Amino acid sequence: MFIRRNTLLQTAAAGLLLGASAFAVQAQDTVKIGLIVPMTGGQASTGKQIDNAVKLYMQQHGDTVAGKKIEVILKDDAAVPDNTKRLAQELIVNDKVNIIAGFGVTPAAFAAAPLATQAKVPEVVMAAGTSVITEKSPYIVRTSFTLGQSSTIIGDWAVKNGIKKVATLTSDYAPGHDALKFFKDHFTAGGGQIVEEVKVPLANPDFAPFLQRMKDAKPDAMFVFVPAGQGGNFMKQYAERGLDKSGIKVIGPGDVMDDDLLNGMGDSALGAVTAHIYSAAHPSQVNKDFVAAYKKAYNQRPGFMAVGGYDGIHLIYAALQKTGGKADGDSLIAAMKGMAWESPRGPISIDPETRDIVQNVYIRKVEKVDGELYNVEFETFKDVKDPGKTKK
Amino acid sequence: MSADHGVGEISLRRARWGHGETAFWLIAVAAIFVFSDRYLILTEMAWLGLFALSLDLILGYAGIVSLGHAAFFGVGAYCAGLLAVHGLVKEPVLALVVAGGAAMVLGFATSFLVIRGSELSQLMVTLGIALLLRELANKFSDITGGFDGLQGIVIDPILGLFAFDIFGKVGFIYCLVVLFVLFLLARLIVHSPFGLSLRAIRNNPLRAAAIGIPVNRRLIAIYTLSAFYAGIAGALFTQTTALASLDVFSFERSADLLLVLVIGGAGYLYGGLIGAVVFRVLQDVFSSWTPQFWQFWIGLVLVLIVLIGRERMYRGVLWLPRLVMRRMAFPGRSAS
């Protein structure tokens, strides 16, 4: 008798527990993603592209993965790191988000890093490109790119293609320094020579005086890095100063020839050779579909920032699928490590050791296709890892 | 005004602690318990309030306009950050005072430039100083971390007892206490003969000089004090967020500060505090409502505030509390 009563009690208890856990599961049926990007201020175009791409992906793939409803909470940090930090903290503490994502500039990604570690929340970096970001927390994963990836490649390419003397023009902040350092290392190691080195201020730059110095130095080519969004202004002044007729070609990482602005740059951009991870003209079916869908939805061409956002949200979806809906930080990060897929930019994967992106880097030349300017890829460097980490 | 209502007596009466003020601070304390999930934005209000208070000291009381108050905020912020990174002064309260002191030194040094000119040249000079400092911080990136900001700031527990938590409760209470103490000090100062002499200078510097007020010395003193306050606000910012990056010097920060003071009103100390609360609430509401276009709505509200006029708005807001107070003070009248 006694035993039976005991089992009865046990059954009741088990039933209660089951009920409780069922209730708990119900409460956790949504996975929340805090998307923190600059929607206002100088970096607004980055935020808008990422936001667009995330929305597009969710339209295409539905908002449920592995039985979980995905909810994205969009916040504007205007690329100011203390905003980023506050928003990330509020999203984690109040909104109980499972993942934070976005991060238009490096300081913003840095600001959120300690929170990601403390709260064990994955931080998916969709834009910021300084090499060391992923080392700031074991919960950071990057789906954009690092400047080292593109800058080393263009350095090697320049040496191989008979460019001897280069003048450099880079924005004076961490990604610009990264770009310059990696380019210089590879270019001078191959026997190239840097004849002039200028750093331009990041905010509202007037390139004219710098361009005059470039012209006077008479290099074979000029290496240019300015952040996405400033390329249009740069090329305009480049043409105004007559550099397009001086035979000094523009080379560099692809930020300056962002697809977003490329078409407005005019013919002075023709022939510029850049190394980058994405071109809207990438000849794959996945990309053609992506570009068509993006153009249809937003009436403009997607740039590499949009692709970073598109791949970022895909990574989150794929990781959730792999964990079967388990949305705690450790499981998600474990699932994201080593993940490989076909992105609009080509095949990419997440390095299991550094949680940084491994991807092809393409050498492209600006050409006219159907009356529009495109970066046409003509050489591919396969599976490039971030050189900032492989060196160590 | 009869003879027995002299200036001294009027100012004494004004200096008396009112019911409204008690209520204001009680509400601030109550916020600790009521808004327990919004500590971070409350913290921002507290240091922004202190920052606005420092601008109010020079703008509202001495008539010095500034578009570069972020200079002192930034110096305080970087100073507190560097002290923490290099472990020079570990204890936050002490670091706060040191950071305020650093800003004060800069304030004293630049005050000679600022008080020389008219309002327009004051705007230019203060703006220039802030821009200079920003560029310096950018150039000396091995010290300041440049555009990426200062890395690796870890703030020790306050007085060795209260560690900063992820919810920001300790941070908010810390900011609130500092704000309250410095507010009391500011209140004491502006109601002192020194404060009265400042107002005399603001109203008419020539006449003030004629009755024997050392105009320049007084202005230098208040400008230096204001820099100290701004430095403390900056240090609070760094200590509660563990961040210090170039935008602490940004023009937007100085301009926002003027907006805060425009919203709250200058020249009665509470303006900065009320302005900070209203500004942050507006920002928060609009930016979560429409992350893309919130600046438009903030602009619209500002235009409306100016059009309606602050006085009229306050009359509306304070109508009920005033009514209650009056009834409580004179219960007989309500029957009539």
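With the helix formula -39500 (n - 2.57) applied to DSSP H stretches of n ≥ 4, chain A reaches a computed 222 nm mean residue ellipticity of -14000 deg cm²/dmol. Distance from the C-alpha centroid of the range A:175-214 to that of the range B:15-86: 42 Å, rounded to the whole angstrom.
Put in order of Cβ neighbour count within 10 Å, fewest first, the listed residues A:278, B:78 become B:78, A:278. Bridge orientation summary for the protein assembly as shown: considering DSSP beta bridges with both residues in this region, about 40 percent are antiparallel.
Where in the range A:127-159 does the label zone of residue A:330 land, with the point 7 angstrom along Cα→C-beta and an amide N cut-off under 16 Å? The answer is A:138-140, whose backbone nitrogens lie closer than 16 Å to the label point.
Between residue A:382 and residue B:199, the simple label model (points 7 Å from Cα in the Cβ direction) yields a spacing of 8.1 nm. Let me know the shape class of the protein assembly as shown, please: from the alpha-carbon gyration tensor, a ≥ b ≥ c as square roots of the eigenvalues, rounded when a/c is under 1.5, otherwise prolate if a/b is greater than b/c, or oblate. Oblate, since a/c reaches 1.5 and b/c is not below a/b.
Restricting the range A:23-116 to trypsin sites (Lys or Arg not before Pro) that sit in a DSSP loop and have at most 15 other Cβ atoms within 10 Å of their own Cβ leaves A:96.
The separation of the range A:219-293 from the range B:229-306, counted between C-alpha centres, amounts to 38 Å. Of the trypsin sites (Lys or Arg not before Pro) in the range A:161-234, the ones in a loop by DSSP (not H, G, I, E or B) with at most 16 other beta carbons within 10 Å are A:164. Among the chymotrypsin sites (Phe, Trp or Tyr not before Pro) within the range B:84-147, those in coil by DSSP and having at most 13 neighbouring Cβ atoms inside 10 Å are B:140.
The slack between residue B:166 and residue B:302, meaning 0.36 nm per residue of separation minus the straight C-alpha distance, is 45.6 nm. Each of A:142, B:217, B:202, B:253 was scored by other Cβ atoms within 10 Å of its Cβ. Listed from fewest to most, they are B:217, B:202, B:253, A:142.
In this calculation the C-beta distance from residue A:213 to residue B:312 is compared with R0 = 45 Å, giving a FRET efficiency of 0.20.
Peptide B:145-157 has a mean shielding of 4, counted as Cβ atoms of other protein chains within 10 Å of each residue's Cβ.
Put in order of Cβ neighbour count within 10 Å, fewest first, the listed residues B:278, B:154 become B:154, B:278. Working from label points 7 Å from Cα in the Cα-to-Cβ sense, the residue B:159 to residue A:64 distance is 5.5 nm. Only lysines eight or more places from residue A:75 in sequence, or on another chain, were considered; those with a Cα closer than 23 Å are A:32, A:48, A:55, A:85, A:96, A:120, A:136, B:169.
Look at the stretch A:95-107: the mean tally of other chain Cβ atoms within 10 Å of its residues' Cβ atoms is 1. Look at the stretch A:69-80: the mean tally of other chain Cβ atoms within 10 Å of its residues' Cβ atoms is 3.
None of the figures in this text is laboratory data; all of them are computed from the coordinates on show. Nothing here was measured: the structure is a model prediction, and the numbers come from that model. Virtual Cβ from ideal backbone geometry, glycine too; neighbours counted across all protein chains shown.
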